[in-house]
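Report on the structure given below.
We did not get these values from a lab; they are worked out from the coordinates using the rules stated. No experiment lies behind these values; they were computed from the predicted model shown. Here Cβ is always computed from backbone atoms with ideal geometry, including for glycine, and neighbour counts include all displayed protein chains.
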Amino acid sequence: MKRNYFLNSKLNKFLNFYLILNILPSAIFLLFSFEGCKSPTGPQTESRDYIWTVDTIKTMDPLTLSRIWGISPSDVWAVGSGAATALGIWHFDGNRWDCDSISRGFTPWAVIGFSRDEVWIGNTSSTIWKYNGFQWLQYGQYNTAGYDKTWILNFDGTASNNIYGVGCANKNDGSSYKGIIMRYDGTSWKFANIPYTKVEFIDGKIDQNSGALIIEGTVFDSTGWLSKLYVWDGNQLKEIYSGIRYGDVGSVGKEVLVDIDQKIYKYENGQLVLWKDLSRTAYGGKIWCGRNENDFFLGTLAGKGIAHYNGTDIQTIYKFKSELDIYGGYAFDNDVFFLLKAINGSGDNYILHGKLN
């Protein structure tokens, strides 16, 4: 089944689209196509019998939806960046996707929440916003001494009083930047006291078995591009990987899984331990979302479709009719959502919704 939603937005035509794109380095923008997801803990299910629907998000202005989170299959949020900030926030009520078309002057990059009336959005404008069940309001502005902007690029959390945000502080002229970690304790957002690290933190997942935050980052220097992985235990920031092969964090239930070059690792005893080797297979290894280590979703190479691991084997359970990038995913007990877009990054956004039959 395919549904089509069209939003004719003429708001903020005066905004310079190229300025928005230049807020983040183009390489970081591309890396967001590897975004992972967090799912509520649910019962193990190995079924692959899904009924699929595809919703098409059409907008007059360019838009890329790249983060998704929900409290239930009838209360899902998707956010992304584009030419008009009024198009950055979308909501699904169980029947259709809608955007309120209100310009709030920021480009959303992160979304999380734990109830209908407490949803958080992070952005590249040094602010964090909160939805109270009726409207979005600015919760606070957060600046780092010596830097012009704070970027919150992704959230993860275990409860409403234990939420982490990762990103970077930077100068507008690009001369300096550093990775940052923030934490919400149920009362306020505060910066973690970490050593200067010239890395852009773009994602972070909490390993609930250890309580550690596994952070994904990237750096460009005189030697070229490097992928980095760190562990933050609340006191110490420790590098656990550095290389030209991209290190990608994802989570299934309470565990963090890391993909490096089609190899999936678990985080155990302060280090990465090889769990599954998908080399020489058709599967990319990136964990998009899942319910537990025997029930999770991953991509196929060359944008061919969605694959599923059921504890025994991996099979493609949804084939794309054309080459698409997966930008995000989120799993509930019986439903799963994926953010999709054409490989070239232009055109419509598609939201694939699978429901167990």
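Within a straight-line Cα-Cα reach of under 20 Å, LYS198 can be paired with the following aspartates and glutamates, leaving aside sequence neighbours fewer than 8 residues apart in one chain: ASP148, ASP173, GLU216, ASP221, ASP233, GLU239, ASP248.
Here is the link list: LYS149/LYS263; LYS228/LYS319; LYS190/LYS228; LYS190/LYS254; LYS238/LYS286; LYS58/LYS178. Which ones come out longer than 26 Å on Cα distance?
On the way: LYS149/LYS263 35 Å; LYS228/LYS319 32 Å; LYS190/LYS228 24 Å; LYS190/LYS254 24 Å; LYS238/LYS286 23 Å; LYS58/LYS178 36 Å.
Exceeds cut-off: LYS149/LYS263; LYS228/LYS319; LYS58/LYS178.
Residues within the reach of a label modelled at THR158 (point 7 angstrom out along Cα to beta-carbon, backbone nitrogen below 15 Å), restricted to region 192-227, are 205-214. Rounded, prolate or oblate: which one fits region 102-239, using the alpha carbon gyration tensor with axes a ≥ b ≥ c (rounded when a/c is under 1.5, else prolate when a/b beats b/c, else oblate)? It is oblate, given that a/c is not under 1.5 and a/b is not larger than b/c. Summarised as an ellipsoid, region 122-162 has semi-axes of 21, 14, 8 Å, derived from the eigenvalues of the Cα gyration tensor scaled by 5 and square-rooted, with the largest first. The 3J(HN,Hα) values that the Karplus relation (6.51, -1.76, 1.60; θ = phi - 60°) gives for region 103-118 are, in residue order, 7, 10, x, 9, 9, x, 10, 9, 8, 6, x, 9, 7, 5, 10, 8 Hz. Gly and Pro appear as x.
Return the percentage of antiparallel bridges among DSSP beta bridges fully within the chain, rounded to the nearest 5 %. It would help to have the intermediate numbers written out before the result.
Values: 123 of 129 bridges.
Looking only at bridges with both residues in the chain, the antiparallel portion is about 95 percent.
Here the extension length gained between ASP261 and GLN315 equals 17.5 nm, from 0.36 nm per residue of separation less the Cα-Cα distance.
Taking a quarter of the surface of the Cα convex hull of region 166-299, what do you get in nm²?
On the way: hull surface 38.1 nm².
Reported value for the Cα convex hull: 9.5 nm².
Derived scalar couplings between HN and Hα for region 60-68 equal 5, 9, x, 8, 10, 7, 10, 9, 9 Hz in order, rounded to whole Hz, by the Karplus curve 6.51 cos²θ - 1.76 cosθ + 1.60 (θ = phi - 60°), x for Gly and Pro. Rounded is the label for the chain. Its Cα gyration tensor axes, ordered a ≥ b ≥ c, give a/c under 1.5.
Protection proxy ranking, highest mean first, for peptides 166-172, 279-285, 250-256, 154-160: 250-256, 166-172, 154-160, 279-285, where packing is the per-residue count of other beta-carbon atoms within 10 Å, averaged. The amide H of ASN123, built 1.01 Å from its N in the peptide plane, has TRP109, ILE152 as neighbours under 5 Å, considering only residues 5 or more places off or on other chains. With distances taken between every two different alpha-carbon atoms, region 220-357 has a Kirkwood hydrodynamic radius of 16.1 Å.
Taking the fewest neighbouring Cβ atoms within 10 Å as the starting point, the ordered list for TRP225, TRP97 is TRP225, TRP97.
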